[in-house]
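The values are calculated or read from the model by the stated rules, or taken from the named source; none is laboratory data. This one's a predicted model, so the numbers in the text were calculated from it and none came from an experiment. FYI the Cβ positions are ideal-geometry reconstructions off the backbone, even for glycines, and counts take in every protein chain you see. Side chains included, ligands, DNA and RNA excluded: accessible areas come from the protein's heavy atoms. Shrake-Rupley method; radii C 1.70, N 1.55, O 1.52, S 1.80 Å.
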Amino acid sequence: MELYHLEWILTGLGGMAGMGSGAAAAWLLGRLPAAWLLDYHESANPGADACTDQGAGTDQSPAPAWALPPWAIPSHVILLGLAGSISLFWAVTGQQGTTQGIWMFLLLWILSFLSLADLSCRILPDQLVLTLGGLGLLNLWISSDSVFLTSSLLGALLGGGILLVLGVLGGVWIRQEAMGFGDVKLMAALGFCLGPRDILAVLTFTLLFLGTVAAALLVMGRITTKDSLPLAPFAFAATLIFYCDSLLPHV
């Protein structure tokens, strides 16, 4: 597909805006009160690298006390820059409407925010997961098609249900919690947004990436079989790659 100069410029501006939004996500996460991101009576321990269960969920210590891996923010900025370019590319080439492009980018931005929260404290805040589900409702309103509701509910059932079953089976196998319920809620919300066919693809990519990285870290001795990895970053990357792949036939 041949793009005109203005379309290339707009696509580039979309990438710059995406990178800026990635930096904004990290900035926002670092300035929210800890209690806003903690559920179920966890508390943030300032200066520590993880959250504990010693408080009552009322700690107002700042979120920057939670350490992020040094690669987390740069990688999210780059990936959201790619997401911004893809979203504007979709819009300027007429493959999707501008509204759908904006919706897709918001979906990826919220997933990026959830990824940073998951990396920093292994917490997927309910309010952010509900916001993700709210995007699914927004998509239903935009589509104005009642059939989409059935598809969205089926997507939520498949996304959350499959992960729940895998978590239960994994827990029986290794005799400890294999999948947090926050991960199940995340996949259910994402399935509500994407529908049954797309969530199956994204879930497959997510588990494939997660398993590959976990196996590599085990071989290198960086983790043990008792350690866990955050799911949200892999779901974010899988969703972005899924959308990139869906565009390839049109490029």
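A simple packing score, the average count of other Cβ atoms within 10 Å per residue, orders the peptides 188-199, 207-218, 127-138 as 188-199, 127-138, 207-218, with the highest score first. Between Asp126 and Leu218, the modelled labels are 3.4 nm apart [label points 7 Å from Cα along Cα→Cβ]. Take each peptide in 12-22, 73-83, count the other Cβ atoms within 10 Å of every residue, and average; sorted highest first, the result is 73-83, 12-22. Which FRET efficiency value, to the nearest 0.05, is calculated for Ala72 and Asp245 with the Förster distance at 22 angstrom and r the Cβ-Cβ distance? With R0 = 22 Å, the Cβ-Cβ based efficiency is 0.35. When Thr11, Thr98 are compared by accessible area of protein heavy atoms, the largest-first order is Thr98, Thr11, using a 1.4 Å probe.
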